[in-house]
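One structure below.
The values are calculated or read from the model by the stated rules, or taken from the named source; none is laboratory data. Remember, predicted model here, so these are calculated numbers, not experimental data. Reconstructed Cβ throughout: ideal geometry from the backbone, glycine too, with neighbour counts over all protein chains shown.
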Amino acid sequence: MNYILEARELRKEYPGRLALRGLNLQIAPGEVFCLLGQNGAGKSTTINLFLGFVAPTSGAAFVNGVEVAAQPLKIKEYLAYIPEQVMLYPHLTGLENLSLFSSLAGFQYKEPELQAYLARAGLSTEAARRRVGTYSKGMRQKVGIAIAVAKHAKVLLLDEPTSGLDPKASNEFSELLRQLSAEGTAVLMATHDIFRAKEVGTRVGIMREGKLVDVRPTAALNAHELEQLYLTYMHD
Amino acid sequence: MIRSIAHKEFVSTLRDRRFLVLSALVLALLLLATLVGRRSHQALQQERALAQHTVNDQFQNQPARHPHRVAHYGSFAFRPKSGLSLLDAGVDSFTGAVVFLEAHHQNSVNFSQAQESGSLLRFGETTVAFVLQLLVPLLIIFLCFGAFGEEHETGTLKLLLSQGVTLRQVAWGKIRGYGQAVALVVAPALALAATLLFVGAEYAAGPDLLARLLLFVVGYAVYFFLIIVGSVVVSAWQRDSRTALVTLLGFWMLGGVILPKATANLGATLYPAITKAQMDTEVHAEAQKGMNGHDPQDQRSAALKEALLKKYGVDSEEKLPVSVGGLVMRESEEYSSRVYQQHFAALNATYERQNAISTWAGLLNPYQAIRPLSMGLAGSDFAHYVHFQEAAEAYRYGLVQRLNMLQAGMGYGDKERRLGAETWRQLPVFNYQLPTLAWALPHLLLPVLSLLLWAVGLSWLGLRLISKTSIV
């Protein structure tokens, strides 16, 4: 099987701290893989390694079969990233921010297309024309989602993407992820939100102290069982 | 990609109220300095041209007189202002503008603006060059200190890089965007200055002035470029915006205030210059060893007289076709002039060695590279001042020797006779030609080289440093 994301014995050590201990992970196109774990468990490090923002101490990460450390620019063609807090540029409007990031990714969209992406992420036309400096955290997050979607990436790397979103926006986001997954986009999402993971994920992985300690298909568990499983690992 | 980032930086900067207020202040200062500079330049230029015309007129309209009396009556040389000195007054305000030209004496250039003005001038003038050299860099620092720090702090850098942009491209985009914003502040003032230079009848607008202005603009463009690059590099290196701001302000203080003062003091300590009184005493003492045209008992004058009698085959001074007094004056002038030239050259060499320390410091401090380049292109540096001094002395020497020869031609008993008023109208008046750019350029090679080395070195090294910056 061809995996769009793959980690082979991926290890990352910072001075005095082992952040990731030999991670092995494969994610197929259309799959939504949710990484659960406490702060410092290694979720963000995993995402940063796939983005090429940090170099692995040993092992390798692959995106669409391309080794990240060898071709850090090439792999970004396949990736879109949404951080926990999308800050954007406060002096630009939502439209201008989206236009900027899309042009950097090589897409030159006209205003109606940009409006459509923002609308799909749940941002109103009126808000899109306002400067981002006036936005709430949730509105900025929606622009971040629009940026990721407009890139037409094969993989979405999401680091706590629903943090700060209200329940309605979170639901809309989940729906969007399901649509993208159905279109073949693979998603790797680091989250604390067990119920969101159960709702949108096809598989969940539980990380603890830099190690992927368990991987389960979400279909095999209900939300309560997933919560119990998670708490068991956290209390061990 | 670089263009998109540059556009973002430019638009963001224009929408930032803090930048708008600061840039409006700097632009207002620049425009004010240009207009004040022009007014002062115009007034001084007209004053000096009128004074030169008046003294030339008075010199040529003297009544019938003995030539040596005319030589002592003397004349004045007024230093005209160069066109671009309205942008950079350089050392003009502190060097003199007028020199009295007379027989036997090489007077120094006097009546500087600093002497003639109130004490406020000692605090420094608000010239266009001052704003460009010190205040625009401060504006650049406030504009760029958060270039990378804020991207790190807000997390936008990761979002940018995830789009497939390199750190190097982000840096170049920022440099270009900030460059456009700075150009927007500086360009109106330079455009106004260019308009004033080329529409004002009092300015000798021509290809030389145009070339000087173009190089002036290019020089400052390179200076601002390297300050922008430096600020962006520091912001990437420090990561924290506030630390970057403090570091950049420290560099500004060091480069703009401390190093220039320190190198000037070092130059004066290593190469102490003698005072004017000391030099006058030494020149006078040494000149005494030559002939004294005003001392009839002088032995060397007597020897010259003997030689003349022998040459013309006569036995008395009365029979000589030339005036012994005139020829003695000529010999005396030649000797004293040679003595003066030697001392003058030695003093100037000392000043040049002092200045050289500051100019070489341009390799360490870009401010000390742009300053001599700016003054040199504006025609207001020490080299241009010396050029005027030399031209005035050459004119004085030529005039006095011509008068001495007129006296010599009057024959024996010349002291009892006068030459007609029309004689003085045939004498050349002082007509100073400002040196050309081709003359000035060899003096400016080191500052040009320093600026280019800074620009290339900082771009190469700084961008390498930025590309190795940690993203997470």
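Here is a yes/no grid of residues against (1) polar (S, T, N, Q); (2) buried (at least 22 other Cβ atoms within 10 Å of the Cβ); (3) within 17 Å of the chain's Cα centre (by Cα):
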residue	(1), (2), (3)
A:Thr57	yes, no, no
A:Tyr78	no, no, yes
A:Tyr89	no, yes, no
A:Gln115	yes, no, no
Just need a number here: residues in segment A:73-101 that are outside any loop (DSSP other than H, G, I, E, B) and facing another protein chain (nearest Cβ under 8 Å). 8
Among (1) crowded, with 23+ Cβ neighbours inside 10 Å; (2) within 14 Å of chain B (Cβ to nearest Cβ); (3) farther than 19 Å from B:Glu150 by Cβ, there is one condition A:Lys154 misses while meeting the rest; what is its number? (1)
Might you check whether a residue that is among the polar types (S, T, N, Q), surrounded by fewer than 23 Cβ atoms within 10 Å (Cβ to Cβ) and away from chain A (no Cβ under 14 Å) occurs anywhere in segment B:3-22? no
In segment A:60-72, what residues are closer than 14 Å to A:Leu5 by Cβ and either within 11 Å of chain B (Cβ to nearest Cβ) or not aliphatic (A, V, I, L, M) (or both)? A:Phe62, A:Asn64, A:Gly65, A:Glu67
Does A:Leu36 meet the test of being in the same structural domain as A:Glu183 (by TED's automatic domain parsing) and under 22 Å from A:Tyr230 (Cβ atoms)? yes
Hits in segment B:415-448 - residues which are aliphatic (A, V, I, L, M) and in contact with an Asp or Glu (Cβ under 9 Å, 6 or more places away or on another chain): B:Val429, B:Leu434, B:Leu437, B:Ala438, B:Ala440, B:Leu444
Scanning segment B:309-325 for residues that are free of Cβ contacts under 8 Å to residues at least 12 places away in the same chain and outside any helix (DSSP H, G or I), the one surrounded by the most Cβ atoms within 10 Å (Cβ to Cβ) turns out to be B:Val314
Between residues in segment B:456-471 that are more than 18 Å from B:Leu161 (Cβ to Cβ) and residues that are surrounded by 16 or more Cβ atoms within 10 Å (Cβ to Cβ), which pairs lie under 6 Å by C-beta distance while being six or more apart or on different chains? B:Leu458/B:Leu226; B:Leu458/B:Val229; B:Leu458/B:Gly230; B:Ser459/B:Val229; B:Gly462/B:Val229; B:Gly462/B:Val233
Take the residues in segment A:179-195 that are in contact (Cβ under 8 Å) with a residue 40 or more places away in the chain and assigned to a helix (DSSP H, G or I), then tell me which one is surrounded by the most Cβ atoms within 10 Å (Cβ to Cβ). A:Ile194
For a quick check of your reading: which helices (runs of 4 or more DSSP H) sit entirely within segment B:379-472 and have at least 1 residues that are within 14 Å of chain A (Cβ to nearest Cβ) and not β-branched (Val, Ile, Thr)? B:445-467
How about segment A:24-71: which of its residues are more than 25 Å from A:Ser174 (Cβ to Cβ) and of a type in the set (Gly, Ala, Ser)? A:Gly40, A:Gly52, A:Ala55, A:Ser58, A:Gly59, A:Ala60, A:Ala61, A:Gly65, A:Ala69, A:Ala70
I'd like the residue in segment B:161-172 that is part of a helix (DSSP H, G or I) and surrounded by 23 or more Cβ atoms within 10 Å (Cβ to Cβ) and, out of all such residues, is nearest to the other protein chains (Cβ to nearest Cβ). B:Leu161
All conditions in (1) at the interface with chain B (Cβ under 8 Å from one of its Cβ atoms); (2) crowded, with 16+ Cβ neighbours inside 10 Å; (3) not in a helix (DSSP H, G or I) are true of A:Gly106 except (2)
Can you name every residue in segment B:420-435 that is closer than 30 Å to B:Glu317 by Cβ and either touching a Pro at 6+ places or on another chain (Cβ under 6 Å) or surrounded by fewer than 17 Cβ atoms within 10 Å (Cβ to Cβ) (or both)? B:Gly420, B:Ala421, B:Glu422, B:Gln426
What's the total number of residues in segment B:443-470 that are among the aliphatic types (A, V, I, L, M) and over 19 Å from B:Arg212 (Cβ atoms)? 8
Within segment A:121-147, how many residues are part of a helix (DSSP H, G or I), closer than 22 Å to A:Pro29 by Cα and either at pLDDT 90 or above or away from chain B (no Cβ under 13 Å) (or both)? 2
